[in-house]
Amino acid sequence: MKKTVFMINAHPDDLVASAGLAWMLVESGDYHLRVIDFSRGERGLQQKGISMEVCAAIRTQEEKTACGMLGIEPIFLHEIDGEIHASRETCQELADLISAEKPCAIFTHWPVDRHVDHVMCGAATLAALRLCSLRPEVFFHHETHQTVNMPFLRYVSFDQHIMDLKMKLIRKYVCQGGEEIAERKLCEARFFGWKAAGVHPYAEAYGSYQMPGDPSPFFDAFL
């Protein structure tokens, strides 16, 4: 029986932080992947004079296109880009999804990221779990210039094939500078691959809600 993994993000395109892992989960054939976005990235093109409504439509379609490469449909909650809060209603909405799907692992934002939307997303995820009777493993992905002071407790290393797929997915986020993001993530993946000291040249780094040294049933089974 396939297990379910949630990737819970504040905005469309935050999936890029875990795109290598996402591809590995999908290609393994052993997991159902769910991508949940708190907002539709409504304010992501304000500097270009594009309205929130139009921006939301553009970024929603880009997210659907990127997730479509993985064979999945993204789920959108009802928060607004730049105004995300860990409200009781949002936490309950997320808790209901978690209760229905029963994920074995959740990947989300580090709750003390520099981006307040990320902080609220991470906090809401933990609050939603408090409303559930389920206790999946929780991990935090690394967001280039946003994630600070997060201990990297897990590395997911991968080969050129997965790196190529990750780059193709990232480039689908055209309106957010997909090409530039792809080049940055390539450099990061090489660095984390070196840090992981594994058999593959690339890696992604993750924090964990567990104590250092605790076993991880998810990673023990997956890696």
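Here are some notes:
- Only DSSP H runs of four or more residues enter the estimate; each adds -39500 (n - 2.57), and after division by the residues of the chain the mean residue ellipticity at 222 nm equals -13500 deg cm²/dmol.
- Using every pair of separate Cα atoms, the Kirkwood estimate puts the hydrodynamic radius of segment 112-187 at 14.8 angstrom.
- Cα shape, segment 3-212, gyration tensor, a/c 1.5 rule: rounded
- Centroid-to-centroid, using Cα positions, segment 106-166 and segment 171-223 are 11 Å apart.
- In segment 79-121, the GluC sites (Glu not before Pro) that fall in loop regions by DSSP, at most 15 other Cβ within 10 Å: Glu83
- Counting only Cβ charges, +1 for Lys and Arg and -1 for Asp and Glu, the dipole size of the chain around its Cα centre is about 300 debye.
- Packing rank of 59-70, 180-191, where each peptide gets the mean count of other beta carbons within 10 Å, highest leading: 59-70, 180-191
- Here Asp164 and His32 are evaluated by their C-beta separation; at R0 = 22 Å the FRET efficiency comes out at 0.40.
- Arranged from fewest to most other beta-carbon atoms within 10 Å of their beta carbon, His142, His78 become His78, His142.
- Each of Asp96 and Asp220 was given a label point 7 Å from its Cα along the Cα-to-Cβ line. The distance between the two points is 3.5 nm.
- For segment 99-140, backbone nitrogen atoms closer than 20 Å to the point 7 Å from Arg88 Cα along Cα-to-C-beta are found at 99, 120-121, 123-133.
- Segment 40-93, relative contact order [Cα under 8 Å, separation at least 6], %: 33 percent
- In terms of packing, defined here as the mean over residues of other Cβ atoms within 10 angstrom, the peptides 123-131, 4-12 line up highest first as 4-12, 123-131.
- Theoretical FRET efficiency, 1/(1+(r/R0)^6), r = Cβ-Cβ of Val112 and Met211, R0 22 Å, to 0.05: 0.80
- Ordering Pro201, His78, Phe218 by Cα displacement along the dipole of the chain toward the positive end leaves Pro201 in first place; charges were set at the Cβ atoms of Lys, Arg (+1) and Asp, Glu (-1).
- Summing Cβ point charges (Lys, Arg +1; Asp, Glu -1) relative to the Cα centre of segment 1-111 gives a dipole of roughly 200 debye.
- Pairs of Cα atoms nearer than 8 Å and 6+ residues apart set the relative contact order; for segment 3-212 it is 23 percent.
- Percent RCO, i.e. relative contact order, over segment 74-152, from Cα pairs under 8 Å lying at least 6 residues apart: 36 percent
FYI, it's all coordinate maths here, none of it is from the lab. Not measured: the values here are computed from a predicted model. All Cβ positions, even for glycine, are placed from backbone atoms using ideal geometry, and neighbour counts span all protein chains on display.
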